[in-house]
Every structure is written in structure tokens, then in C-alpha cells.
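Worksheet: one structure, shown below.
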Amino acid sequence: MTDPDIAGGGRRRTRLTRARILEAARRELDRDPDCSLEDIAEAAGVVRRTVYDHFGGRSALVEGLASDATEALGRALKAMPVPGPDAVTEMARLVLALWPVGDRCRTLLRLAPQDLGAERVNEILGPARERATAIIERGQRQGVFHTGVPPDPLGRALEGLTLALLECVNAGTWSDDGTRTATAALIAVGADGDLAAARVRWLARPERLSA
């Protein structure tokens, strides 16, 4: 009979090893999308056989990253407050909530042509895109966002801006905790610049982060 304490400890070590491999994969694939499993294993501090034991190969490893990113985005969206009537505030909240997990999605988008495919990327980003589109549509009705571009294309443009700024963070040309990006996003969809900056500052106050 297996000792439940030993079994539980083994499962915990397995989860920790898996998480360490995924974190190393994010770093290495972002650095070089063509890096090998051996490179990832070395970065994770394990042998290549351990990577195969957990994922079976590159495609399964990338799918593990996709599942991890999906869960992270889902948690961030679920943690957001119930949407209110103010589209400017809601868009700022959305960007501030998603910025911390944006690096995961950026890595996946870079891998899309060779490993994931557009359909899987759309599946991962779908909930965030739907939320952004709904907010933009509300803001257009309120007259606070641009109305010359339909909500869905404007949301995709906003997504592209956010991903570009994430790339700039890695390149050292943009420094941000999410507040600058949230302000830029609001201005990009048509919000008044002063209003955008003031609203983001208000939301970024410590007592407001979980409000």
C-alpha cells in the first residue's frame, strides 16, 4: 500500500518540476523560438529525459504553455469586479488586470505560426478579446471612444498595441507596471488623454486595486 504522505509529496514535486520546466520554456522560447528541448531542460535545471517524461515532446510542451496561459488569463478576468457603466474605467481595469499575464500570451503568439496555429491562439485570447470588444462597444455608445472603427477591429488594434509594448519592455525601450499601457490603450481607443491618465492613476491606488 502506498503511503499517502509519500504519494502526496511526490505529486507536489511533480507539479513543481512541471512548473519549473514551463517557466524555463517561456524564457527560452521567447529568447529563441527555435530553441531545443535540451536548451529548455538545461534552463530548468533538469535532464532532457525529464522534459520528455512530463510533456512527451515540443508540441506537448507548447500546449502546456497554452493551457497555462489560458488559466492565467481566466483567473485575471474572473478576479475583475462586476462591469460597471463607465467604459473608460472598465477598459483601464481590463488592461491593468491582463498586463501581468501578457508576457505569457506574447510568447505564444510568437510561436503561433510554427507550433500553435491561429485557431488555438484565438481560443486562448478569445475571452479577453470578447471583454475588450464589449467595453469598446459600450464606450462608443457613450461617446467616449472612437466610432469610426467597429468594436472588433478596434479591439484587435488595441491588442496589437499591447503586445508591441510588451516587446518593448523586453527590448528595454518601455518600462511599465501596466499603468502607462492602460493610459496608452485608453487614448488609442479615443478617450480624452487627461481623463485617461487621471482614471488610471485613481485605479492604480493601492486601495483600489481590488475594488
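The values are calculated or read from the model by the stated rules, or taken from the named source; none is laboratory data. Small disclaimer: the values here were computed from a predicted structure and weren't measured. Backbone-built Cβ (ideal geometry, glycine too); neighbour counts: all protein chains shown. Calculation scope for accessible area: heavy atoms of the full protein, side chains included, ligands and nucleic acids excluded. Shrake-Rupley method; radii C 1.70, N 1.55, O 1.52, S 1.80 Å.
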Kindly provide the pair-distance distribution of segment 10-76 built from C-alpha pairs, with 10 Å bins from 0 and whole-percent values in order of increasing distance.
22, 57, 20, 1
Could you do me a favour and compute the accessible area per residue for the chain, 1.4 Å probe, result in Å²?
54 Å²
Quick one: angle between helix 58-79 and the longest Cα principal axis of the chain, in degrees between 0 and 90, rounded to 10, please.
40 degrees
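If r is the Cβ-Cβ distance from R129 to E71 and R0 is 22 Å, what FRET efficiency results, to the nearest 0.05?
E(calc), rounded to 0.05, equals 0.85.
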Considering only D86, D30, D103, give the residue with the highest GNM mean-square fluctuation for the chain, with springs between Cα atoms whenever their separation is below 10 Å.
D86
Measuring from its Cα centre, segment 73-170 shows a charge dipole (+1 at each Lys and Arg Cβ, -1 at each Asp and Glu Cβ) which, in debye to the nearest 20, is 180 debye
Give me the three principal axis extents of segment 103-211 from the C-alpha atoms, as integers in angstrom, largest value leading.
42, 32, 26
P(r) histogram, all alpha-carbon pairs of segment 73-159 included - 5 Å bins from 0, percent:
3, 14, 24, 23, 18, 11, 5, 2, 0
Assuming R0 = 41 Å, what is the FRET efficiency of R156 and R15, from their Cβ-Cβ distance, to the nearest 0.05?
0.70
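Kirkwood hydrodynamic radius for segment 119-159: how many Å is it when counted over pairs of different Cα atoms?
Values: mean 1/r = 0.0961 Å⁻¹.
Its Kirkwood hydrodynamic radius stands at 10.4 Å.
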Percent relative contact order of the chain, based on C-alpha pairs within less than 8 angstrom and at least six residues apart?
20 percent
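What number comes out for the charge environment of D176, summing +1 per Lys or Arg and -1 per Asp or Glu over other residues with Cβ under 13 Å away? All intermediate terms of the calculation are to be shown ahead of the outcome.
Working: positive: R180; negative: D103, E167, D177.
Computed value for this residue: -2.
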Choose one answer from A60, A196, A87: the residue with the largest mean-square fluctuation in a GNM of the chain with alpha-carbon springs under 10 Å.
A60
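Of all accessible surface on segment 1-109 at a 1.4 Å probe, what whole percent is carbon and sulfur? It would help to have the intermediate numbers written out before the result.
Values: 3010 of 5760 Å².
About 52 percent, which is the carbon plus sulfur part of the accessible surface.
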The chain: most fluctuating residue of R13, R48, R141 per GNM, C-alpha cutoff 10 Å
R13
Once the convex hull of the C-alpha atoms of the chain is built, how many Å³ does it hold per residue, rounded to a whole number?
152 Å³
